[in-house]
Amino acid sequence: MILEILTPEKKIFSGEVYGVQLPGITGSFEVLDKHAPMVGALKAGKLKVLTDKVATTSYSILSGFVEVLNNKTIVLIEGAEEL
């Protein structure tokens, strides 16, 4: 699936990934390839990009939103820092 992580200042990440783990308002959740369409709110926490089944990249993020549609996930957040 395609993942884009955006802040008001810049694009943090854009590319093909296996999945992404997100800190939702009501708890953490994971979005994988061909996930059903959804929109969700995010709280400050750790976002983990699963670039493949073993490699990962992590970010400390501020609050925001996620949209999943047509095998593309867009994460809109107030700020992020790579861990």
Taking region 8-83 and dividing mean pair separation by its residue count, relative contact order in percent (alpha carbons under 8 Å, at least six apart): 28
Column: log10 I(q)/I(0), Debye, Cα scatterers of the chain, q = 0.13 Å⁻¹: -0.32
For G40, net neighbour charge (Lys/Arg +1, Asp/Glu -1) across residues whose Cβ lies under 13 Å away: -1
Label-point separation, M38 to L6 (7 Å along Cα→Cβ), nm: 2.1
Net charge contributed by nearby residues that have their C-beta within less than 15 Å of I2 (K/R +1, D/E -1): -2
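No lab work stands behind these numbers, since they all come straight from the coordinates. Everything numeric here is computed off the predicted structure, so don't read it as measured data. So basically every Cβ, Gly included, is an ideal-geometry build from the backbone, and we count neighbours across all protein chains shown.
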